[in-house]
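Data first, discussion second: the structure below is written as structure tokens.
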């Protein structure tokens, strides 16, 4: 361990701080069977040693053994232990950021249940401590920490966008009753939205607002904090992740809401629903749900009426890894699509076994790995082509961006849409003061 740089010292300290029983177990028990290989889209697209999930985890294991294995401390070559130096840190960056989306499919197919994604994130945490997070990803997180959203949208811009959307909604629906509420105390739910919906794709926010209006939902946005994303999940920076989760909690508590509804964002849902309480060290005084769950509930309870005949093209669904495999939301998207489209077909495999699209793990923010990202996306492109679908629905903005790029790159010719867009377009809205009619034979459900 002689001659360590300041960066390697910080990285080692970060690893030691993260060690718990689960991570230690994951680091100790790998049998090197290789069954994880075919679970990874990187390996399927390019079957090289470096793309085997166990290989990536082994980079972290080498350092772990050097620190804690009795043999590794004295004769590292016997157990594959290695000192952490600048060269190995560079290898960490290339492998842990450049060839892994932390999708978790390898863990699902490991006979020991080793969570390689957790090992990769621990390694990324070491790199974050050493200041070695790829520039684009770190800048996205820095903007979030500086402005409370990852695109630096000001409160003035948020209010102007909401005011414009209110005008559009009122014109479309013919009533001034429909508004996007801001800072409404005592609402049932606070809605967190992706900043790209405010800055670039406001019609997605408009679609969600239209659905909530139709359902009679009591909801609000918070000007104090409204960003659904948390890119610290990708960078491995637990302190930043804790800060961002804390902002969401503070805003929800200030408004006195019962629930926080997360716009369609796979990693954002995973970060707050499953990570937030762990980072903060206590339970939230409110319920956290994906808007996918909320839309399914609206349909089940008859709070919204839809006409599936407005969607006649064949539709398939891509399961976001953080929402489905890691978040447990499997049935709800399929229930929604069974109600709002006339021709739905599954990708194979699908659900928890679905392949990652390649856009997760912060990949879209790391331009240096673009070629690898698109190459690994061939697996998803082949799934889509085989389905014969004309429309790919998903419920994650990173997935939407990656799938759109894959459609261009592999000439798939498909439309890519969020679930809320399909639901909003299928809504049957009655004139003010009247109930929506459900006419037999007209396709309205």
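Values for this structure:
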read-out	value
Residue 87-residue 200 pseudo-label distance in nm [points 7 Å out on the Cα-to-Cβ vector]	4.0
Contact order relative to length of the stretch 308-426, as percent, for alpha carbon pairs under 8 angstrom and 6 or more apart	33
Calculated FRET value between residue 154 and residue 367, using beta carbons and R₀ = 22 Å, to 0.05	0.30
Over the stretch 147-300, relative contact order from alpha-carbon pairs under 8 Å, at least 6 apart, %	25
Cβ crowding within 10 Å averaged over residues, with 30-36, 262-268 ranked highest first	262-268, 30-36
Along principal axes, Cα extents of the stretch 308-426, largest first, whole Å	43, 31, 24
Prolate/oblate/rounded label for the stretch 1-149 (Cα gyration tensor, a/c 1.5)	oblate
Packing-based order for 415-422, 88-95, using average beta carbon neighbours within 10 Å, highest first	415-422, 88-95
Mean separation of Cα contacts under 8 Å (6+ apart) over length of the stretch 6-132, as relative contact order %	37
Helix axis angle, 331-340 relative to the chain longest principal axis, alpha carbon, degrees	30
By average C-beta atoms within 10 angstrom, highest first, the peptides 97-110, 173-186	97-110, 173-186
Helix axis angle, 116-129 relative to the chain longest principal axis, alpha carbon, degrees	80
Residue-averaged 222 nm ellipticity for the chain, from DSSP H runs of 4+ at -39500 (n - 2.57), nearest 500	-14000 deg cm²/dmol
Potential extension, residue 35-residue 382 segment - 0.36 nm per residue separation minus Cα distance	122.7 nm
Potential extension, residue 375-residue 22 segment - 0.36 nm per residue separation minus Cα distance	123.8 nm
Extension gain from residue 343 to residue 172, taking 0.36 nm per residue of separation minus the Cα-Cα distance	58.8 nm
Residue list for the stretch 173-187, given a label point 7 angstrom along the Cα-to-Cβ vector of residue 297 and an amide N cut-off under 19 Å	181, 184-187
Simple label model, 7 Å out from Cα along Cβ direction - residue 139 to residue 282, nm	3.8
Equivalent ellipsoid semi-axes - Cα gyration tensor, the stretch 147-300, angstrom	25, 17, 14
Rounded, prolate or oblate (a/c below 1.5 giving rounded, otherwise prolate when a/b exceeds b/c) for the stretch 248-351 by Cα gyration tensor	oblate
Tilt relative to the chain, helix 53-68 - C-alpha long axis, 0 to 90 degrees, to 10	50
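Bear in mind these aren't lab numbers, they're just calculated from the coordinates by the rules spelled out. Computed from a predicted model, the values in this text were never measured in an experiment. Glycine also receives a Cβ, built like all others from the backbone with ideal geometry; neighbour counts cover every protein chain displayed.
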